[in-house]
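Each value in this text was obtained by applying a stated rule to the coordinates, not by laboratory testing. Model, not experiment: these values are computed from the prediction. Neighbour counts are summed over all protein chains in view; Cβ atoms, including those assigned to glycine, are modelled from backbone coordinates with ideal geometry.
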Amino acid sequence: MKARLYLGDCLDLLRSLPDDSIDSVVTDPPYGLGKPPKTVDVLEAWLAGEKAQQMYADANYEYPVRAGVAIHPTIAGYGKLNADTLPISKIAANRKTASTLVDKVGFDN
């Protein structure tokens, strides 16, 4: 049995070969076949990507964190986003008090 290896873009190479001349194609995902990436790293990279940012901007009316992603017209109508300067640790420190106030005023009722 003979094997021939080709190095290049799979789709380009396949187009250049005669029909029915290939028995198997093995591709290397972008992250390599070595140590697989952590799922959280792959998810984080995808969520920060242009496609996901646009999808969330359109479907959830979220302000995109990625520059160049179009802001949904509804969100754009609110004006320029001014990022909160309060550290997340301060917000977290007040979580219990905030939850108590939400319950006290019946916000979810």
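Points worth noting:
- The residue list 93, 7, 60 was ranked by how far each Cα lies along the charge dipole of the chain toward its positive end, using unit charges on Cβ atoms, and 93 comes out on top.
- Lysines whose Cα lies under 22 Å from that of residue 96, excluding same-chain neighbours fewer than 8 positions away: 104
- On Cα atoms only, tilt of 95-105 relative to the major axis of the chain in degrees: 60
- Taking 39, 85, 97 in turn, the Gaussian network model of the chain (Cα-Cα springs below 10 Å) assigns the largest fluctuation to 97.
- Dipole moment magnitude, nearest 20 debye, the chain about Cα centre, only Lys, Arg, Asp, Glu C-beta charged: 580
- Additional length obtainable on full extension of the chain from residue 70 to residue 21, 0.36 nm per residue less Cα span: 13.2 nm
- Using alpha-carbon coordinates, inclination of helix 39-48 to the longest axis of the chain, degrees: 70
- The angle between the Cα long axis of helix 50-60 and the main principal axis of the chain comes to about 40°, on a 0 to 90 degree scale.
- The mean sequence distance of close C-alpha pairs (under 8 Å, at least 6 residues apart), as a share of the length of the range 35-105, puts its relative contact order at 17 percent.
- The Cα-based radius of gyration of the chain, divided by its Kirkwood radius, gives an Rg/Rh of 1.23.
- Comparing 20, 84, 58 in a Gaussian network model of the chain where C-alpha atoms under 10 Å apart are linked, the largest mean-square fluctuation is found at 20.
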